[in-house]
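The values are calculated or read from the model by the stated rules, or taken from the named source; none is laboratory data. Everything numeric in this text was worked out from a predicted model, so none of it was measured. Here the Cβ positions follow ideal geometry from the backbone for every residue, glycine too, while neighbour counts run over all protein chains shown. These accessible areas exclude ligands, DNA and RNA; they are computed on the full protein's heavy atoms, side chains included. Shrake-Rupley method; radii C 1.70, N 1.55, O 1.52, S 1.80 Å.
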Amino acid sequence: MMHTALQYDELAVPGVRALQPYEPGKPLAELEREFGISNAVKLASNENPLGPSPLALAAARETVDNIARYPEGSGYLLTGRLAGIHAVTPDCITLGNGSNDVLDMIARVFLGPGSEAVFSQHAFAVYPIVVQAVGAKGRVAIAHDGSRGPVAGHDLGAMHALVGPATRVVFIANPNNPTGTWLTDNELHEFISSLPAHVMVVVDEAYFEYVVQEHYTDSIPWLDEFPNLIITRTFSKAYGLAGLRVGYAVSRPEVAELLNRVRQPFNVNSIAQAAAAAALDDEAHLQKSVQNNLEGLQQLAAGFERLGLEYIESVGNFIAVDTGQRAEPVYQHLLQTGVIVRPIAAYGLPNHLRVSVGLPEENVRLLAALKKTLA
Ligand SMILES: *Cc1c(COP(=O)(O)O)cnc(C)c1O
């Protein structure tokens, strides 16, 4: 009997048909398997090179004994801690399986066919994915060319120009990944003030803890002023818990209530909840991580300058460096030397590589490998 080949693509909903899946950084173990090496360095996914706080590890280990039980669905302890730290009530917090999970909930609640979301060129790759998956349309604002704001940074004027009657969500990464560019308190405040109240503004502060610049702001207190504001944060970056998957949104309770309608009942596992809560108790480890990052940013920037390479000024835990040529072959060559970085052609930056800040000796290794590769 003859079967016609099943056109699987046509079975998918329209938004999913044209979707390009997210491409993660290459895992260490995979590179070591492929090349038969054992001391590879991964500077590709903006992870904390110091790892998590020992307090978080201890809490995780202790919780392992209880994994026969479902986690607490409300994340009572962690939510309470976060509410205290941010001076909001617990009903303002929505926990996510990483902040990507929260971004996905936001899309599912506020977007669908016929509505639009605005974000910037070179912005975080998850925005177009979550928007398209629910059948909404992403409107991409051209980024700064360097004449009025940081090269490749969000151009809030261009973003504002794309906001129209169908716009329901605006995504802003502050600072942005993969560019490391950031927005000042004044420009961000002015932008949010200028938006109609029915447009939800998502300020993604995944790298918040790393930023020491004077005019960089915590936008959570602005919730008093802006009912349409959602701030997202994560434990994946400065807290070093990327593998556990914990992030959260802070919003008005009415918005959190909507997000919780689509949140999977046990989206944050019990080990993750316990480790994240414990991580919040270790301010010293966080400060050590921030200090390592500030020194690493300088070390990498100075190294790029010695190599005659331009880079985008970054306040995150990574720098996008311009290789002066198509970056893909450079990336491949670095892999052969056991150094994993991130090509960002998919972000519209085909000549750049994004390098995460590592330990001082890891940064040295990357710079030496880059020098050899470009020679
Ligand atoms: C890494 C990152 C996130 C979140 O990652 P999770 O691990 O899902 O919390 C969110 N936004 C930006 C801009 C990021 O770079």
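If we count every other residue with Cβ under 11 angstrom of Ala166's Cβ, Lys/Arg +1 and Asp/Glu -1, where does the sum land? Don't jump to the answer; show the numbers that get you there.
Working: positive: Lys137, Arg139, Arg168; negative: Glu116.
Counting the neighbours of Ala166, the net charge comes to +2.
Give me the percent of accessible area attributable to carbon and sulfur for segment 210-307, probe 1.4 angstrom. Kindly include the intermediate steps, with their values, before the conclusion.
Values: 2040 of 4050 Å².
Taking all protein chains in place, segment 210-307 shows 50 percent carbon and sulfur surface.
Taking amide H positions as placed in the peptide plane 1.01 Å from N, state which residues far from Lys137 in sequence (5 or more) or on other chains have amide H under 5 Å from it.
Distant-sequence amide H within range of Lys137: Gly114, Ser115, Glu116, Ala117.
Between Glu257 and Ala284, what length in nm is gained on full extension when 0.36 nm per residue of separation is reduced by their alpha carbon distance? Write out the running numbers ahead of the final one.
On the way: separation 27, 0.36 × 27 = 9.72 nm, distance 3.40 nm.
Gain on extension, Glu257 to Ala284, equals 6.3 nm.
If I stretch the segment between Ala161 and Val364 completely, what's the gain in nm (0.36 nm per residue apart, minus their alpha carbon distance), one decimal?
On the way: separation 203, 0.36 × 203 = 73.08 nm, distance 4.33 nm.
Going from the current span to full extension adds 68.8 nm.
How much length is gained on full extension from Ala83 to Leu294, taking 0.36 nm per residue of separation minus their Cα-Cα distance?
Working: separation 211, 0.36 × 211 = 75.96 nm, distance 2.80 nm.
Length difference between fully extended and current span is 73.2 nm.
Students often check this: by mean Cβ neighbours within 10 Å, which of 262-273, 23-34, 100-111 ranks highest, and how do the rest follow?
Working: 262-273: 18.3, 23-34: 13.3, 100-111: 23.6.
Descending mean neighbour count gives 100-111, 262-273, 23-34.
Compute the distribution of all C-alpha to C-alpha distances in segment 186-334, in bins of 5 Å from 0, and list the percent of pairs in each, rounded to whole numbers.
Whole-percent P(r) values from 0 Å outward: 2, 8, 13, 15, 16, 15, 14, 10, 6, 2, 0.
Which pairs in the list Lys42/Lys371; Lys237/Lys288; Lys288/Lys371; Lys237/Lys371 are over 21 Å apart, alpha-carbon to alpha-carbon? Write out the running numbers ahead of the final one.
Numbers: Lys42/Lys371 17 Å; Lys237/Lys288 13 Å; Lys288/Lys371 29 Å; Lys237/Lys371 28 Å.
Beyond 21 Å: Lys288/Lys371; Lys237/Lys371.
Using a Förster distance of 30 angstrom, determine the FRET efficiency expected from the C-beta separation of Ala12 and Ala197, and round it to 0.05. Before the final figure, lay out each step's value.
Details: r = 34 Å, r/R0 = 1.15.
Here the calculated transfer efficiency is 0.30.
For segment 1-42 and segment 90-153, write down the distance between their C-alpha centroids in whole Å.
That distance is 22 Å.
Using R₀ = 25 Å, calculate the FRET efficiency as 1/(1 + (r/R₀)^6) where r is the Cβ-Cβ separation of Ser74 and Asp224; round to 0.05.
On the way: r = 24 Å, r/R0 = 0.97.
For Ser74 and Asp224, the calculated efficiency is 0.55.
HN-Hα J couplings of segment 96-112 from phi, Karplus 6.51/-1.76/1.60, θ = phi - 60°, integer Hz, Gly and Pro as x?
After applying 6.51 cos²θ - 1.76 cosθ + 1.60, I find x, 7, x, 6, 4, 4, 5, 4, 5, 4, 4, 5, 5, 7, 10, 10, x Hz.
How many angstrom separate the Cα center of segment 169-217 from the Cα center of segment 311-375?
Each part's Cα centre sits 26 Å from the other's.
Counting Lys and Arg as +1 and Asp and Glu as -1, what is the net charge of the other residues whose Cβ lies under 13 Å from the Cβ of Asp282?
-1
Leaving ligands, DNA and RNA out of it, work out the accessible area of Thr4 with a 1.4 Å probe and give it in Å² to the nearest 10.
Near enough 130 Å² of accessible area.
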